[in-house]
Amino acid sequence: MMTGCLTAEDYFEKAKKFESEDKTEQALYCYDEAISLDSGMTKAYEARADLFFKTDMYQNALDDYTFLSNIYKDNLYIEKCAICNEFLGRPEESIRLYTKLLLEDVNPEAYKNIYRIAEYAADIKAKINFSDIDYLMKNYVNEEKALKFRDAADEYDLDQRNDFLELYITLLPKNSKYLYEAYVLKAQAEIFRYRICFDKNFRDEIKRTENITESELNKKYKYTAKRLSELNLVFAIQKFNEATRYASNLAEVNFLDSEINKIVQSCDYEK
C-alpha cells in the first residue's frame, strides 16, 4: 500500500506496533500523522501523550494531556497534568491541579500528593493552607461535595481529618442546614487532637473503652503533639462560637455554652 493511501486509523495501528517494538521515533511519527489526518482522534492524542510521558518528554505529554482534559473534563487527565508539572519542576502548579482534583472528586490520592510535594518544596509549603485557597473554593461551593468531605474525614489520621472538616465548612453554601453540625464537628476534632496528645487520662480512657494498647492507639489515630498547643482549644472555642450563629433552638445554644465552659475550665485547671 502506498503511503499516501494510509488513513488515520492505519497510522494509529502502525504507531502501536512501533511502540510495542520500542521504536519510539517511528511511533511518534505515526501518531503525528494520524492526528494530522484526523484531529478528532483522541485515542491517538492519549497514546502519544502516554508515550511522551514514558520517554520523559514531559512538556510534550503535558500539552497533550491538557488538550484532552479541556475536551473531556476527565479527572484522570488533570492528575496526569499534575504529575507532568511536578516532573517539570513546577510544584506550585502541580499542587494547584491536585487541589482542583481534590475539590472536584474528593480524591484521597490528590490529598496525599499535595502534602507529599509540599514536604520537599519548602518554599511553597507555607502556601498549602486549605482555608486560603479562595481562588478555587469560590468555584466549588456545593453542599453535596461538602458532605463527601465530611463522610471521608473519618478515614484519615487526625491532622488530615481536621483539614477535611475545614473543607467541609468552606464548601458549604452560606444557607446550608449543615453549618451548625460542621462547626461543632470541627471544634470537637480540635479538642480530640489536643486531648489525645496532652491528656494521659483521656488516652487511658480510650484504651480501656476500645481494649487497645498505647501503640495500637497511636497506630489507629496517628497522633502527634507537633504543631499542637492550647491554641487548638482556642480554635475549638472559635468554632463553637461560629456554630451559635446557626443554632436552631435553645438546646443547641446551651450545648455550645457548656462545651465552651468545659474548655475554659480545663485550661484554668492545667494552669
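Condition (residue is part of a loop (DSSP other than H, G, I, E, B), crowded, with 17+ Cβ neighbours inside 10 Å and not hydroxyl-bearing (Ser, Thr, Tyr)) applied to region 206-229: is it met by at least one residue? Yes.
Of all residues in region 126-151, those that are open to solvent by less than 50 Å² (accessible area, probe 1.4 Å) and modelled with pLDDT under 85 total 6. For region 22-35, residues that are under 12 Å from Ala8 (Cβ atoms) and either among the acidic types (Asp, Glu) or without any contact (Cβ under 8 Å) to a residue 24 or more places away in the chain (or both) total 4. Among the residues making up region 156-191, those that are under 15 Å from Lys145 (Cβ atoms), among the hydrophobic types (A, V, I, L, M, F, W, C) and within 17 Å of the chain's Cα centre (by Cα) are Phe164, Leu165, Leu167, Ile169, Leu171, Leu172. Looking at region 199-230 only, could you name the residues that are modelled with pLDDT of 90 or more, under 23 Å from Tyr183 (Cβ atoms) and out of contact with any helix residue (DSSP H, G or I) (no Cβ under 6 Å at 6 or more places or on another chain)? The answer is Asp199, and nothing else. Out of curiosity, is Asn60 polar (S, T, N, Q), surrounded by 15 or more Cβ atoms within 10 Å (Cβ to Cβ) and modelled with pLDDT of 95 or more? Yes. Just checking, does region 235-246 include any residue being farther than 26 Å from Ala146 by Cα, part of a helix (DSSP H, G or I), open to solvent by less than 50 Å² (accessible area, probe 1.4 Å) and out of contact with any strand residue (DSSP E or B) (no Cβ under 6 Å at 6 or more places or on another chain)? No, region 235-246 has no match at all.
The values are calculated or read from the model by the stated rules, or taken from the named source; none is laboratory data. None of these values were measured; they are calculated from a predicted model. Backbone-built Cβ (ideal geometry, glycine too); neighbour counts: all protein chains shown. SASA here: full protein model, heavy atoms, side chains in, ligands and nucleic acids out. Shrake-Rupley method; radii C 1.70, N 1.55, O 1.52, S 1.80 Å.
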